[in-house]
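Here's the structure, in structure tokens; my notes come after.
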Amino acid sequence: MGGASAPLLWENHMQDKKVWYEPHPVKPERKAELRKRGFQIIDAIFMPEGYENPADDGEPEGAKKATVAELRAALEAKGVEVPEGAKKADLQALLDAVA
């Protein structure tokens, strides 16, 4: 009786939760920011192919969104080796880590 309904309840709970894929380790400040915005944080290695984290949700007004090319250029300017095939979220996390 209870065994069949438990996974269904868990799935329903997970569908209600907003998910943010972030490269780990996550800095405590970043973790606090994402949790404050209501996200469950999951390591970016588990991000489904083609998925992008939600845009504008909780971003400061007027915040400029960097393109992949801009992120790569900024990382290279700081002397950071950019991994081949890195996703935008990975590049942003690398840039945040060296800023």
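Hey, can you tell me all the residues within the range 36-53 that are part of a loop (DSSP other than H, G, I, E, B) and exposed (fewer than 10 other Cβ atoms within 10 Å of the Cβ)?
Step one: filter the range 36-53 for residues part of a loop (DSSP other than H, G, I, E, B), giving 37-38, 47-53.
Passing the criteria: PRO48, GLU49, GLY50.
Which members of the range 38-83 meet the condition of being modelled with pLDDT under 85 and among the charged types (D, E, K, R)?
ASP56, ASP57, GLU59, GLU61, LYS64, LYS65
Give me the pairs: first residue in the range 15-42 and polar (S, T, N, Q), second residue exposed (fewer than 11 other Cβ atoms within 10 Å of the Cβ), beta-carbon distance under 7 Å, and six or more apart or on different chains, which are they?
Partner pairs satisfying both residue conditions: GLN40/LYS17.
The values are calculated or read from the model by the stated rules, or taken from the named source; none is laboratory data. These numbers were taken from a predicted model, which means no experiment stands behind them. As a convention, Cβ positions derive from the backbone with ideal geometry for all residues, glycine included, and neighbour counts pool all protein chains shown.
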